[in-house]
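As structure tokens, the structure follows; a few thoughts come after it.
The values are calculated or read from the model by the stated rules, or taken from the named source; none is laboratory data. A quick note: this is a predicted structure, and the numbers were derived from the prediction, not measured. Virtual Cβ from ideal backbone geometry, glycine too; neighbours counted across all protein chains shown. Accessible surface areas use protein heavy atoms only, side chains included; no ligands, DNA or RNA. Shrake-Rupley method; radii C 1.70, N 1.55, O 1.52, S 1.80 Å.
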Amino acid sequence: MCSSDLVILINLIITAIGSDRTGIVSELSGIITTHGGNVEESRMSRLGSDFAIIMLVSVSTDWEESLEVALQSINDLTISTKLTQIQEIGDNKKYQIDLNGADNEGIVKVLSKYLAEKSINVLEMETHISHAPISGTPLFNLNASVSVPNDVEETVIQSDLSQIAQKLGVEIQLNS
């Protein structure tokens, strides 16, 4: 194999946001595939009347520029790309945090500030509002995957989260 036959893959994060309509995922993934790309990971969600996509895509360096140009041809979507590196989390402990309760301002702020102070990295977080079955009261729901440094004890996190839960009037569970 000569050096010109060597395929060098890169990783791109592609974000796309626009008014929700049928076919966005098909159009975007079709362009990626046509340009030799492969979707490694993705998150997609309708938020309000818009649709948001974030994807990790691997593609040959030979196709990167034409892929980026083709993506910009999609009407009514704001698309950006960013070169990224695949990074392992290491041997940190991984936990799931589940929070639910009355919808109060500042829940995400209080929880994320605590996590940052403890050097706990948020790997993924999803929030949404649901309604209590009988009363219809808005309930805030949060699910997060986090990476915890090995020197942070689970009992300390449990205790701290219990205090935060009491202060915010919500329930918080830490699961391994």
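Applied to segment 148-157, the Karplus parametrisation 6.51 cos²θ - 1.76 cosθ + 1.60 on θ = phi - 60° returns per-residue 3J(HN,Hα) values of 10, x, 4, 8, 9, 7, 4, 5, 5, 4 Hz, with x for Gly and Pro. Per residue, the chain exposes 62 Å² of accessible surface when a 1.4 Å probe is rolled over the protein heavy atoms with every protein chain present. Each other residue within a Cβ distance under 13 Å of L12 adds +1 if Lys or Arg and -1 if Asp or Glu, for a net charge of -4. Distance cut-off 21 Å, Cα to Cα: go down the list K93/K118; K94/K167; K113/K167; K93/K167 and report the pairs above it. Violating the 21 Å Cα-Cα cut-off are K94/K167; K93/K167. Two decimals is fine: what is log10 I(q)/I(0) at q = 0.08, 0.17 Å⁻¹ for the chain, from a Debye sum with one equal scatterer on every Cα and no solvent? Relative scattering, expressed as log10 I(q)/I(0), comes to -0.38, -1.07.
Near I129, once Lys and Arg are set to +1 and Asp and Glu to -1 for all other residues with Cβ below 13 Å from its Cβ, the sum equals -3. Applied to segment 11-27, the Karplus parametrisation 6.51 cos²θ - 1.76 cosθ + 1.60 on θ = phi - 60° returns per-residue 3J(HN,Hα) values of 10, 10, 9, 10, 10, 9, 9, x, 4, 5, 7, 5, x, 4, 5, 4, 5 Hz, with x for Gly and Pro. Split the accessible area of the chain by element, probe 1.4 Å, and carbon with sulfur accounts for 50%.
The charge dipole of segment 47-176, taken about the Cα centre with unit charges on the Cβ atoms of Lys, Arg (+1) and Asp, Glu (-1), comes to about 440 debye, rounded to the nearest 20.
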